[in-house]
Amino acid sequence: MHESIYCQNGNASRWAAHRVREASFASAFEYQWDRILQRSDPAAPVYFTGESVYPWMLDDYAELRRLKDVALSLAEYTGWGRLYDTDMLAANTVPVAAVSYYNDMFVDVGLSERTAQTIAGCHQWITNEFHHNGLGVSSHVPEYLFRLLKGDITDL
């Protein structure tokens, strides 16, 4: 389900992250910790694949096994419409507050900043106080966003 949030215009994900990793980067990635610890070069980097979900996980992770059929179907689904209506976002009249994190390992802060600039009325807070999970680890984040929406914070 994770890749499907990026699908649009009739395109299926068909396990895009898995296909790209296997075709171009497979030898650079090791996901088994015991093998990482046994490498001949202990200083060799450990690469992360972010929030990707791979088809093999549907068998390896007991929690995902019951979702295998639906995940396989979603990966092949081609009925997706347009993901974002950029004209509508540019004409937005609803106040929006967003948070982005300088050290987010999953979302490029520059890309999130450029995206926020395309949404009319978007007030973006960029911080290094938290990482990707700021909303889940601190009540300060939603409180700050609501204050930003109300106009209490203007020094961004």
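Only residues that are among the hydrophobic types (A, V, I, L, M, F, W, C), open to solvent by 70 Å² or more (accessible area, probe 1.4 Å) and part of a loop (DSSP other than H, G, I, E, B) were counted in the range 142-156, giving 1.
When the residues of the range 71-84 are filtered to those that are of a type in the set (Phe, Trp, Tyr) and open to solvent by 90 Å² or more (accessible area, probe 1.4 Å), the one that is farthest from Val137 (Cα to Cα) is Tyr77. Can you run down the residue pairs with Cβ atoms below 7 Å, 6 or more apart or on separate chains, where the first is in the range 104-130 and free of Cβ contacts under 8 Å to residues at least 40 places away in the same chain and the partner is among the acidic types (Asp, Glu) and open to solvent by 30 Å² or more (accessible area, probe 1.4 Å)? So the pair list comes out as Gln124/Glu113; Ile126/Glu113.
For the range 1-18, the candidate set comprises residues that are among the small types (Gly, Ala, Ser), over 12 Å from Ser52 (Cβ atoms) and touching a helix residue (DSSP H, G or I) at 6+ places or on another chain (Cβ under 7 Å); within that set, the residue that is surrounded by the fewest Cβ atoms within 10 Å (Cβ to Cβ) is Ser4. Checking Lys68, Lys150 one by one, the residue that is of a type in the set (D, E, K, R) and farther than 30 Å from Gly10 by Cα is Lys150 and no other. Looking at Trp56, Trp15, just one residue is in contact with a Pro (Cβ under 7 Å, 6 or more places away or on another chain) and modelled with pLDDT of 90 or more, and that residue is Trp15.
What do you reckon, is Phe106 at pLDDT below 90, hydrophobic (A, V, I, L, M, F, W, C) and not in a helix (DSSP H, G or I)? It is true that Phe106 is at pLDDT below 90, hydrophobic (A, V, I, L, M, F, W, C) and not in a helix (DSSP H, G or I).
Among residues of the range 131-141 being open to solvent by less than 40 Å² (accessible area, probe 1.4 Å) and free of Cβ contacts under 8 Å to residues at least 40 places away in the same chain, the one that is nearest to Thr49 (Cα to Cα) is Gly134. How many residues are under 21 Å from Leu149 (Cα atoms), exposed (fewer than 13 other Cβ atoms within 10 Å of the Cβ) and aliphatic (A, V, I, L, M) when one looks only at the range 85-119? Of the residues in the range 85-119, 4 are under 21 Å from Leu149 (Cα atoms), exposed (fewer than 13 other Cβ atoms within 10 Å of the Cβ) and aliphatic (A, V, I, L, M). Scanning the range 8-49 for residues that are closer than 26 Å to Gly79 by Cβ, assigned to a loop (DSSP other than H, G, I, E, B) and under 18 Å from the mean Cα position of the chain (by Cα) returns Gln8, Ala12, Ser13, Arg14, Trp15.
The values are calculated or read from the model by the stated rules, or taken from the named source; none is laboratory data. Predicted model, so just to flag it, every value in this text is computed and none were measured. No Cβ is skipped: glycine too gets one built from the backbone with ideal geometry, and neighbour counts run over all protein chains shown. The accessibility values were calculated without ligands, DNA or RNA, using every heavy atom of the protein model including side chains. Shrake-Rupley method; radii C 1.70, N 1.55, O 1.52, S 1.80 Å.
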